[in-house]
Structures are given as structure tokens and as C-alpha cells.
Amino acid sequence: ERLLSNELEQSEQVAEYSLRPKELRSYIGQEKLKQKINVYIQAAKQRSESLDHVLLYGPPGLGKTTLATIIANELGVAIKTTTGPAIERPGDLVALLNELEPGDVLFIDEIHRMQKSIEEILYSAMEDYYIDIIVGQDATAHPVRFPLPPFTLIGATTKAGMLSAPLRARFGIVERMDYYTKEELAQIVTRSAQVFETQISPTGALEIASRSRGTPRVANRLLKRVRDFAEVARKPEIDLETVRYALTMLHVDEKGLDETDHKVLHTMIELYGGGPVGLNTLAANLGEETETLADMIEPYLMQIGFIKRTARGRMVTQKAYEYLGIPFTQN
Ligand code: ADP
């Protein structure tokens, strides 16, 4: 398991839950999005209507699940949570919809991975709050209409492009989540340290923040590891020195790159003169799956401007050469 992966690991679920802020005002960053969501929530409450369906998209670990929970909490309604792949049969979805009280939130994570046949049930549920269920078999098969209470579907996806047009069109509110700034991540780290009842210095928090790849999940994970080092060293607080020491031991560099990232950049430079090189070729050389490279490794290197995508393949940028201290020469 990669320390810097922004995916949620099984072992982290309990800790993540306790670290989640419960109110909009303790949700750090995403200022514009928060302002808009707040208006929509207030308006829905004033009209005593359910909130429009919300689609949140963006990379893993940026706070989509957290925000969905907060929305339900601010609306004063219950939330039912599931994931696209967990809904295996139409009956699973019907059971979930059937449990909803008026105004409740149904949260579907990884909504792009939902089966088409299940997605189609959602259309009428989202639009007009009913579902048609086929009852009987063969000659006697006929649809029976079940009314549903008004509810809010919140969908989360890392791949908005993979959502079908009809599903996407049924979300009244579609919002993209952005990576967090270093200052925002430092606030998140400081808040999490309070939850853990651990002291952290402002410079220590900033140092974790700058190595967290813009991602709260990564920031919280690094904090936990650094806390271990601080405790073993019997430090009364996590200071800058401890953060630097711990993250050096864990092979997380100043920009939040780990050995895998370095290997990718060095392979591109040493074997391909910095590129262009195709993703498949590169993956084969690294012994990684192309998908892993595309989904888990490359996005951050692109985000910080170390790799760029060209028509002929990926290239290492001058900025990356400078960071690695390698003279820039390129095809
Ligand atoms: P996603 O659903 O996008 O993968 P999560 O909502 O599970 O992300 O967030 C991952 C972790 O990061 C959560 O445990 C939460 O504590 C923390 N987190 C995310 N966004 C924020 C935020 N804006 N403020 C504070 N903590 C956050």
C-alpha cells in the first residue's frame, strides 16, 4: 500500500470517520463551493423542499464523502450511503430508495461504476420520485409504479467523464472539487491533531501540508505516521524537525514525491531522454499497470507541472529536471 495514495485503505475507515468535520463551517477550504452549497441548503430549508440532486466530482480524498455527510447534517436529514459497484441488482437500489424518509439524502460514491440497468431505475426516481418495478413473469409481466418520497441524491465520482449523459443531466447541482492549498491543508492537519489530542507546531503542520499532494486524506495519513515518530521520540509536540525527520525516513520528499514518483521521472529521463514516451511503454518499463500509472501516479506529477501530455506521449518538463538537479536537455 502506497503511503501517498489518495485512495481510502480499508484499515483507515474508522480513523477517517472520526476526522470528518460535521458542519459546513468546520469544512476547510473549497470556499466558493461552500458558499454556493450553503445558499442551496438555506433555500431548500426555507421552501421546505428537498435539495436538488448534487454531483460532486474530483480526485479521491478531497472531501466528497465528507461534504455529502455535512449537507445531510445541515439539512437536518438522514443519509444512506452506498457505492456504485455495491448495488448489484435492481432490488438493492429499490430497497435503499424504499427506506428513505422525505428529504433524506442517498449518497452513492463511485457513481460512474453503477450498472446501466440500475442507473436507468434512478432516472424516474430522481426526476419524478417514482420507480417502475416489473412484477410477474413472461406473459403476466407488467410494471407496477411505486411512489417515493422526495429525496436528494448525492453522487460522487472521480471520473465525471464516465457518467452517462442522461444521468448527469438529472443533477441540478454539479460541482468540481479542487486540490487544497498548503495553508488549507495545514489547517486540516492542525484540526486533526486536535482530534488526536496531539500538539503540532504551525511550521510542523505547514511542512506536512506541503508534502500532502493537495489532498486532505494524504495530509491526515502523514500526520498519523509523523505522530508515531514524535511519540517514540517523546516529543511534547510535533515540530518541524520531527516532521522532516519522519518524512525523510518515509521517503516523502519536499514536494510530496515518493520513490515511485522519482522512479517514473528517472526512467523517463534516463531511458527516453525525457520523452515523449507512450503511457503503455512507460508502464511496461516500470513494471506497473498502465491504469495505475494513469490514475494514481501521473495526475499529481502533471498537477505540479513535472510531466506534460503531448500528442506523441508524456514528457518530463524543465521544471522537473531542475527539481531533480539534472541538466535539462531534451529532444
Ligand atoms: P473523498 O470522498 O473525496 O474520497 P473524503 O470525504 O473521504 O474524500 O475525505 C478524506 C478525509 O479527508 C476525511 O477523513 C476528512 O477528514 C478529510 N477531509 C476532506 N476534506 C476536508 C475538509 N474540507 N476539511 C477537513 N477535513 C477534510
Quick one: Ser48 ticks every box in (1) loosely packed, with under 14 Cβ neighbours inside 10 Å; (2) of a type in the set (Gly, Ala, Ser); (3) within 13 Å of the ligand (Cβ to nearest atom); (4) part of a loop (DSSP other than H, G, I, E, B) bar one, so which box is it? (3)
Can you run down the residue pairs with Cβ atoms below 7 Å, 6 or more apart or on separate chains, where the first is in segment 165-180 and basic (Lys, Arg) and the partner is surrounded by fewer than 17 Cβ atoms within 10 Å (Cβ to Cβ)? Arg170/Tyr123; Arg170/Glu127
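The rows are residues; the columns are (1) under 15 Å from Ser210 (Cβ atoms); (2) part of a helix (DSSP H, G or I); (3) out of contact with any Pro (no Cβ under 8 Å at 6 or more places or on another chain).
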| site | (1), (2), (3) |
| --- | --- |
| Thr248 | yes, yes, yes |
| Glu254 | yes, no, yes |
| Gly275 | no, no, yes |
| Asn280 | no, yes, yes |
| Pro299 | no, yes, no |
Being closer than 24 Å to Gly61 by Cβ and more than 26 Å from the chain's Cα centre (by Cα) narrows Tyr300, Tyr323, Tyr272 down to just Tyr323
Any pair with Cβ under 9 angstrom, 6 or more apart, that starts in segment 6-21 at a residue that is within 16 Å of Ile188 (Cβ to Cβ) and near the ligand (Cβ under 8 Å from one of its atoms) and ends at one that is of a type in the set (Gly, Ala, Ser) and in a helix (DSSP H, G or I): Leu19/Ser192
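Looking only at strands (runs of 3 or more DSSP E) that lie completely in segment 133-181, which have at least 2 residues being within 16 Å of the ligand (Cβ to nearest atom)? Spell out the reasoning first.
Numbers: elements: 142-147, 152-157, 173-176.
The strands (runs of 3 or more DSSP E) meeting that bar are 152-157, 173-176.
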Return yes or no: is Leu67 in a helix (DSSP H, G or I), under 29 Å from Tyr27 (Cα atoms) and more than 16 Å from the ligand (Cβ to nearest atom)? no
Under the condition of being buried (at least 20 other Cβ atoms within 10 Å of the Cβ) and part of a helix (DSSP H, G or I), which residue from segment 76-111 is nearest to the ligand (Cβ to nearest atom)? Ile111
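Here, each number is a calculation from the coordinates, and none is a lab measurement. Because the structure is predicted, anything quoted here is derived from the model rather than measured. Glycine gets a Cβ as well: all are built from the backbone with ideal geometry, and neighbour counts include every protein chain shown.
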